[in-house]
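Notes to accompany the following structure.
The values are calculated or read from the model by the stated rules, or taken from the named source; none is laboratory data. Just so it is clear, the model here is predicted, and its values are computed rather than measured. Backbone-built Cβ (ideal geometry, glycine too); neighbour counts: all protein chains shown. Accessible surface areas use protein heavy atoms only, side chains included; no ligands, DNA or RNA. Shrake-Rupley method; radii C 1.70, N 1.55, O 1.52, S 1.80 Å.
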Amino acid sequence: MSELILHHYPTSLFAEKARLLLGFKGLSWRSVKISPVMPKPDLTALTGGYRKTPVLQIGADIYCDTSLIARRLEQEKALPAFFPEGQEMIAATFAAWADSVVFQHAVSLVFQPESIAVRFGNMPPEAIKAFIADRAELFSGGSATRLSAEQARHQWPTIMARLEQQLQREQGDFLFGEPSIADFALAHPLWFLKATPVTSPLVDAYPAVSAWLGRVLGFGHGAFSEMSSEEALEVARNATPAALPDEQFDEPNGFEAGQQVVIAAIDYGVDPVAGELLFAGSEELILRREDERGGVVHVHFPRFGFRIEKR
Ligand SMILES: N[C@@H](CCC(=O)N[C@@H](CS)C(=O)NCC(=O)O)C(=O)O
């Protein structure tokens, strides 16, 4: 059986979400460290151009975006569940909200000048400049607009007061009673805020939220060991992609299986990935591509938040 390989870097919020997902399921995995900025040649040899962090690799199958990574891990090990029975819609919808709205607030708050000075204090100025230029590029051409620090500071108390109120009354230890994907999607932006002393009080001031966050982060990261990016490419090259899902191909815009297309995120990090469309299901799109170094790979994207275009 192929190992779970997570391509990530330590300070990435969404990578922390994925690490916690692996920890919650009690899964063992291999860790490939990637650069936080472009270029990422070994990663894009697998993804075909998708650059966001993290990416999950299982043999020659490459999973982009944590919303799909969660579903793939659920398939790997059904229990404990990210999408508890009867909460499928509410858990996924809350998670999507936290992954966009709460994430945008956290990024804007951590990247305000007072916080940057502390967080990036040890980094050479050229590296800070390169990082800022990379993130400007990341957000170009997508539908996501960046939230100003002023607006993020202004709205933050509303988000936290609502959470505090719900968590004080919740009949259980987690957002909807039992743990779900909603908890992990909300935890990673708060984890990010807590990592910098300037922004940490924005979480610490709320006792019920802090206690809940401690429970979610307490799931840990599971057991993992390091792997080089060259080794990960070799794994892909030597593997055969998994069989396609046993679900009807469903593409209302007329794209057909076998057609050459490009798939891209719509919000940010919109780099197009070209290949042969193999599958379009209710949650997942699969593209076949061939890479000089990665061999034949199947790249998997969530359907929601991604677009298909003719090549
Ligand atoms: N919707 C994506 C968002 C991923 C994301 O925004 N990751 C950030 C890091 S926290 C990123 O890709 N930053 C640019 C990079 O790492 O190159 C997911 O759920 O995986």
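Taking 0.36 nm per intervening residue step and subtracting the Cα-Cα distance, what contour gain separates K33 from F174 on full extension?
Working: separation 141, 0.36 × 141 = 50.76 nm, distance 3.07 nm.
The span from K33 to F174 would gain 47.7 nm if fully extended.
With every protein chain left in place and a probe of 1.4 Å, what is the accessible surface of H221, to the nearest 10 Å²?
Around 60 Å² of this residue is reachable by solvent.
Evaluate the relative contact order of the range 1-153 (contact order divided by residue number), counting alpha-carbon pairs under 8 angstrom at least 6 apart; express in whole percent.
Values: 137 pairs, mean separation 31.7, N = 153.
This gives 21 percent for the range 1-153.
Net charge around K310, counting only other residues with Cβ within less than 15 Å of its Cβ (Lys, Arg = +1; Asp, Glu = -1)?
Working: positive: R307, R311; negative: E251, E256, E276, E309.
Neighbourhood net charge equals -2.
Given contacts defined as C-alpha pairs under 8 Å and at least six residues apart, what's the relative contact order of the chain, whole-number percent?
Details: 533 pairs, mean separation 83.6, N = 311.
That works out to 27 percent.
What does the accessible area of E150 come to, in Å² to the nearest 10, when a probe of 1.4 Å is used?
My reading of the accessible area for E150 is about 130 Å².
Going by average Cβ neighbours within 10 Å, how do the peptides 39-47, 186-194 rank, with the highest at the top? Could the numbers behind the result be given before it?
Working: 39-47: 19.8, 186-194: 23.2.
Peptide ranking by packing, descending: 186-194, 39-47.
Magnitude of the Cβ-charge dipole of the range 1-159, K/R +1 and D/E -1, about the Cα centre, nearest 20 debye?
Details: 16 positive and 15 negative charges, 50 e Å.
Value, rounded to 20: 240 debye.
Label I90 and E276 with points 7 Å out from Cα along Cα→Cβ: what is the distance between them in nm?
That separation, rounded to one decimal, is 4.4 nm.
Using only the heavy atoms of the protein chains and a 1.4 Å probe, how would T11, T199, T240 rank by accessible area, largest first? Kindly include the intermediate steps, with their values, before the conclusion.
Working: T11 75, T199 0, T240 120 Å².
The residues order as T240, T11, T199, largest area first.
Can you tell me the 0 to 90 degree angle between the C-alpha axis of helix 229-238 and the longest principal axis of the chain, rounded to 10?
So the helix axis and the longest Cα principal axis differ by about 40 degrees.
I need the calculated FRET efficiency for the pair S148 and S225, taking r as the beta carbon distance and R₀ as 45 Å, to the nearest 0.05.
Calculated transfer efficiency: 0.60.
Please report, in whole Å, how far the alpha carbons of the range 88-217 spread along each principal axis, starting with the longest.
The Cα atoms of the range 88-217 stretch 50, 32, 25 Å along the principal axes, largest first.
Count the net charge of all other residues whose Cβ sits under 12 Å from the Cβ of L27, scoring Lys and Arg as +1 and Asp and Glu as -1.
Values: positive: R19, K25, R30, R72, K77; negative: E3, E74, E76.
Residues close to L27 contribute a combined charge of +2.
With +1 on each Lys and Arg Cβ and -1 on each Asp and Glu Cβ, how big is the dipole of the range 88-217 about its Cα centre, in debye rounded to the nearest 20? Walk me through the numbers before you get to the answer.
Working: 9 positive and 13 negative charges, 58 e Å.
Dipole size: approximately 280 debye.
For the chain, what is the number of Lys pairs with C-alpha distance below 29 angstrom, counting only pairs 8 or more positions apart or on separate chains?
Lysine pairs meeting the criterion: 25.
Using a 1.4 angstrom probe on heavy atoms only, work out the carbon and sulfur share of the accessible area of the chain in %. Mind showing how you got there, number by number?
Details: 7750 of 14280 Å².
Here carbon and sulfur together make up 54 percent of the probe-accessible area.
Hey, with R₀ at 35 Å, roughly what FRET efficiency would I128 and R72 work out to, going by the Cβ-Cβ distance, to 0.05? Each step should come with its number before you reach the end.
On the way: r = 35 Å, r/R0 = 1.00.
For I128 and R72, the calculated efficiency is 0.50.
So what's the angle, to the nearest 10 degrees on a 0 to 90 scale, between helix 13-25 and the longest Cα principal axis of the chain?
Tilt of helix 13-25: around 80 degrees.
Would you please report the Å³ per residue occupied by the convex hull of the alpha carbon atoms in the chain? Don't skip to the end; give the middle numbers.
Details: hull volume 42.9 nm³, N = 311.
Value for the chain: 138 Å³ per residue.
Treating the angle as unsigned and between 0 and 90°, give the value, to the nearest 10°, between the Cα long axis of helix 88-97 and the longest Cα principal axis of the chain.
70
At what distance in angstrom do the alpha carbon centres of the range 162-238 and the range 262-311 lie from each other?
After rounding, the separation between the Cα centres reads 28 Å.
Between V296 and D204, 0.36 nm times their residue separation minus their Cα-Cα distance comes to what?
28.4 nm
Which value, in debye to the nearest 20, gives the size of the charge dipole of the chain about its Cα centre, when Lys and Arg are +1 and Asp and Glu are -1 at the Cβ? Display every interim value, and only then the final one.
On the way: 28 positive and 39 negative charges, 159 e Å.
The dipole magnitude comes to about 760 debye.
Among L193, F174, F120, whose Cα lies farthest out toward the positive end of the dipole of the range 88-217, if unit charges sit on the beta carbon of Lys, Arg (+1) and Asp, Glu (-1)?
Positive-most Cα among the choices belongs to F120.
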